[in-house]
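Coordinate-derived values only; no laboratory data. Quick caveat, the model's predicted, so the values are computed rather than measured. Glycine gets a Cβ as well: all are built from the backbone with ideal geometry, and neighbour counts include every protein chain shown.
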């Protein structure tokens, strides 16, 4: 009977597209000159995404202390700290929130004969899932935006750098100017 | 301006409730006698969840070769292999599908000046995200259902075992009977 269901559905666990956009935006902002900023509209244009959607993620990054927001007509976003101090985990948690992917709903307390007293220890299944989440986060914490940019530069034939430079030459706003 | 958005939204990356239900169901089936089976309805009743919803996940577990389905009026589900050979990763992948949580949409190829040629190397951001997924999966692969049951038994004051036994005493179907 299960032959009819060889592969059920697509994976429901999915990092939002916001994570990709947020990491690319932070990497772009890391290449600004010291006094430079970019607006949400410019970052969205560069990445070919909707400003309204990206704005939500930029605000989350700002709220998490990863980006600084400069007000005024020459305002925009820039990094709030150096690229070496921004990890992929910082960005993922800012965009996705702090909760782990696995949420134990304590189904062992349901059904016709639930556990008689509220369990004092976390469910072993939940504990194992959280250890995996910890390993995932530890790996993301090991990688900074500075590392990413160094790796990109090492493998670049010049086209990636040229792409960023060309855009920044036109769009970067300088506070001092 | 970002003070208005101290914490944006809930985390969108979320393992489906199906993962919790599937792991608990496999753990329950691991406690059957050699010839025993349980129907989807019984497993759903025990866990206080909807049969129609659980059935989808049981079929996915069957399709992945984790559960065996026995037809007929005394039919139902049982493990297709021993609990020591079923890892949490097997179950998560069966329910959620094989794709990693992070899906690179190659936004570096979008915008007004995309990369001039199709990149030959994976984006460094994607590579870093996939390393984290690998660490997550490695951790889930280390834990079997047999490990979970051993850990549960070690910390059990008797109430967890009693709960399962009482249910199985009434509901377990035996093929040989």
| In which sequence would A:157, A:90 go, from the one with the fewest C-beta neighbours within 10 Å to the one with the most? | A:157, A:90
| message | Treating the point 7 Å from Cα along Cα-beta-carbon as the label, what are the nm separations from residue B:142 to the other copies, to one decimal? | response | 1.3
| note | Counting all Cα-Cα pairs in the stretch A:124-166, those more than 11 Å apart amount in percent to 72
| remark: Most exposed to least, judged by fewest other Cβ atoms within 10 Å, B:57, A:171 sort to A:171, B:57
| said: Please compute the modelled spin-label separation between residue A:127 and residue A:157, points set 7 Å along Cα→Cβ, answer in nm with one decimal. | reply: 5.3
